[in-house]
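Structure, as structure tokens:
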Amino acid sequence: MIFPLPISESSVENCKVYTSRYRMTSLVPQHSRFLEVGVAAGDFSHAFAINNNPISITLVDRFDNDDYMVLGEDNQHTPRFDKDTNLDFVKTRFSEYNVQLFKGNSEDILPSLQDKFFDFIYLDADSRIEAFTKDFSEAVRVCSDTGIIGINDYAMIDYVHNQPFGTVFVVNEFLLENPNWEIIGFCIENTMFCDVYLRRKMV
């Protein structure tokens, strides 16, 4: 088995630890330009919008998802949308915000976005190594000089679907090759589908 490269101590000197990815958004300044890649129902991005008051929201997804969240009493599954109504659900949910919705594959959409424009980028799409490498590379390009890149599913394997993840490999190698970046937040999710936040080191 091949393991990711270990990161250096200097990459985590300023790292804070959280138990919820929603609480970790306190690291992101108010009134930021926000991009999420991999939106589904928009649960994370909607919570971020409420708590952090972003000046703009850009959401990228194929918007062809079934709703998988467990809602209601006694853990009964009450779908809010299906594959045909996913986009309409998200449009309605974000109707009061300054939002741009891009429907399609991230590898086709992200290259069209402006360099160094976004202050907070959250990657929550395909975590397999080939797809994630492309998304992460574009995230670095469009991240502002003081911006934060959040990565969902910072884990070795998706044990639900029994497939490997590439996030740890890509992030760790990036940090070793770019010592001017660091991890400023680590979220220990109860499922161990953890989150990390990366930012350029502050001078």
Could you grab the pairs with beta carbons closer than 7 Å, sequence gap of 6+ or different chains, first residue in region 170-186 and of a type in the set (G, A, S), second one at pLDDT 95 or above? G185/C15; G185/K16; G185/Y18; G185/M24; G185/L27; G185/V196; G185/Y197
Please find, among I149, I157, the residue that is crowded, with 16+ Cβ neighbours inside 10 Å and among the β-branched types (V, I, T). I149
All but one of (1) modelled with pLDDT of 95 or more; (2) open to solvent by 50 Å² or more (accessible area, probe 1.4 Å); (3) not in a loop (DSSP other than H, G, I, E, B) hold for D74; state the number of the condition that does not hold. (1)
Are any of the residues in region 85-97 in contact with a Gly (Cβ under 9 Å, 6 or more places away or on another chain) and in contact (Cβ under 8 Å) with a residue 60 or more places away in the chain? no
Just to be sure, is D108 assigned to a loop (DSSP other than H, G, I, E, B) and either among the β-branched types (V, I, T) or closer than 29 Å to V168 by Cβ (or both)? no
Give the number of residues within region 160-188 that are part of a loop (DSSP other than H, G, I, E, B) and either more than 24 Å from V203 (Cβ to Cβ) or open to solvent by less than 50 Å² (accessible area, probe 1.4 Å) (or both). 7
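Okay, residues lined up against (1) assigned to a loop (DSSP other than H, G, I, E, B); (2) open to solvent by 40 Å² or more (accessible area, probe 1.4 Å); (3) of a type in the set (V, I, T); (4) in contact (Cβ under 8 Å) with a residue 12 or more places away in the chain:
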residue	(1), (2), (3), (4)
V17	no, yes, yes, yes
S20	yes, no, no, yes
Q30	yes, yes, no, yes
A41	yes, no, no, yes
N51	no, yes, no, yes
Applying the selection to region 1-35, what residues are farther than 23 Å from V60 by Cα and of a type in the set (D, E, K, R)? E9, E13, K16
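Any residue in region 96-117 that is closer than 23 Å to M1 by Cβ and of a type in the set (D, E, K, R)? I'd like the intermediate steps shown before the answer.
Residues of region 96-117 closer than 23 Å to M1 by Cβ: none.
The answer is no; no qualifying residue exists.
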Residues located in region 125-141, provided they are buried (at least 21 other Cβ atoms within 10 Å of the Cβ) and out of contact with any helix residue (DSSP H, G or I) (no Cβ under 7 Å at 6 or more places or on another chain): A139
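The values are calculated or read from the model by the stated rules, or taken from the named source; none is laboratory data. Since the structure is predicted, the reported quantities are computational estimates derived from the model, not experimental observations. Every residue, glycine as well, gets a Cβ built from its backbone with ideal geometry; the counts of neighbours run over all protein chains shown. For accessibility, only protein heavy atoms count, side chains too; no ligands or nucleic acids. Shrake-Rupley method; radii C 1.70, N 1.55, O 1.52, S 1.80 Å.
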